[in-house]
Structure formats: structure tokens, C-alpha cells
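Following: one structure in C-alpha cells, then a few remarks.
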Amino acid sequence: MIKKLAVDDQLFFVAVADNAVVGTIMAGYDGHRGWIYSVAVSPSHRKQGIGSRLVSHAERVLTSKGAVKINLQIVEGNENVASFYSSLGYSVEKRISMGKRVSENIPHS
């Protein structure tokens with residue numbers, strides 16, 4: 001999250017209830033596609049529509065920036081969130097997703 005705040009692209013959104021952070025979403029825009037990178041809602045505040053409202057807000061902002069498509073990926077082991085995204089209009093697309101870690105930029109604990 002610290003690296004995202006340093007970018008200052010105004011695509012990090014926070015949901016607050018009773019002066020406490022209860023949800024966050026990180027998004028990105030590459031000039032063509034919008035991306036939803038991370039959605040998190042506090043376990044005590046789930047099933048209240050917070051995640052849906054965060055996604056909807058990010059979608060509106062990405063659309064206003066010109067995104068023609070919004071993508072997201074679900075990491076293996078977290079497939080149970082697929083039904084949440086399906087309920088918001090997302091569908092599985094046939095793709096091969098590849099990545100390469102840049103170890104010098106990964107914080108070490």
C-alpha cells in the first residue's frame with residue numbers, strides 16, 4: 001500500500017465507518033485498460049455491500065479516465081471471491097497470465 005500511495009494516481013480508495021478503515025481498493029489505469037488490483041473489507045463489515053460499493057466507485061473513476069475495459073485477477077487459493085465478482089458483471093476470460101517478480105523491489109520483512 002505504501003508504494004501505491006507514493007504513485008499518487010488517485011486510484012486508491014478507502015471505506016470508513018465510525019472513524020475506522022473498513023475497506024480498501026487499489027486500482028490502476030494504463031491508458032487503455034483499467035485494473036482492479038486489490039479489494040479488502042474487514043471481516044466484521046463483510047456482507048454489507050462495502051466491497052460492491054468500492055468496486056463500483058473504482059469502475060466509475062476508471063471509466064472517467066477512458067478505460068475501455070476493466071480487468072482483475074484472482075490469485076489461486078482465493079477462488080471463493082469469483083462469485084462476488086460475477087455478481088458485479090465480471091466473467092472468466094480465457095487467458096494465460098504470466099508474471100515475473102522483481103526481487104529488488106519486494107520489501108523484506
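The values are calculated or read from the model by the stated rules, or taken from the named source; none is laboratory data. Computed from a predicted structure; not experimentally measured. Cβ placement follows ideal geometry from the backbone for every residue including glycine, while neighbour counts extend to all protein chains displayed. Just the protein is used for accessible areas: all its heavy atoms, side chains included, with ligands, DNA and RNA removed. Shrake-Rupley method; radii C 1.70, N 1.55, O 1.52, S 1.80 Å.
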| So Val92, is it in a loop (DSSP other than H, G, I, E, B) and in contact with a helix residue (DSSP H, G or I) (Cβ under 8 Å, 6 or more places away or on another chain) | yes
| Based on what the data block shows, is Ala82 closer than 17 Å to Ala40 by Cβ and open to solvent by less than 60 Å² (accessible area, probe 1.4 Å)? | yes
| task | Could you grab me the full set of residues in the stretch 98-109 that are modelled with pLDDT under 90, open to solvent by less than 100 Å² (accessible area, probe 1.4 Å) and either within 21 Å of Leu72 (Cβ to Cβ) or under 20 Å from the mean Cα position of the chain (by Cα) (or both)? | result | Ile106
| query | Here are some conditions: (1) in a loop (DSSP other than H, G, I, E, B); (2) within 20 Å of Thr24 (Cα to Cα). Gly99 meets all but one. Which one does it not meet? | reply | (2)
| remark: By residue number, the members of the stretch 25-59 that are among the hydrophobic types (A, V, I, L, M, F, W, C) and either over 22 Å from Val75 (Cβ atoms) or not in a helix (DSSP H, G or I) (or both) are Ile25, Met26, Ala27, Trp35, Ile36, Val39, Ala40, Val41
| message | Criterion first (open to solvent by 50 Å² or more (accessible area, probe 1.4 Å) and in contact with a His (Cβ under 7 Å, 6 or more places away or on another chain)) does Val14 satisfy it? | response | no
| Which one of these does Val92 not meet: (1) free of Cβ contacts under 8 Å to residues at least 24 places away in the same chain; (2) open to solvent by 60 Å² or more (accessible area, probe 1.4 Å); (3) out of contact with any Ser or Thr (no Cβ under 9 Å at 6 or more places or on another chain)? | (3)
| task | Determine, yes or no, whether His45 is exposed (fewer than 13 other Cβ atoms within 10 Å of the Cβ), touching a residue at least 12 places away in the same chain (Cβ under 8 Å) and over 9 Å from the mean Cα position of the chain (by Cα). | result | no
| task | Scan (1) open to solvent by less than 60 Å² (accessible area, probe 1.4 Å); (2) assigned to a helix (DSSP H, G or I) for the single condition Val22 breaks and write down its number. | result | (2)
| said: Which of the numbered conditions does Asn71 fail, given that it passes all the others? Conditions: (1) open to solvent by 80 Å² or more (accessible area, probe 1.4 Å); (2) at pLDDT 95 or above. | reply: (1)
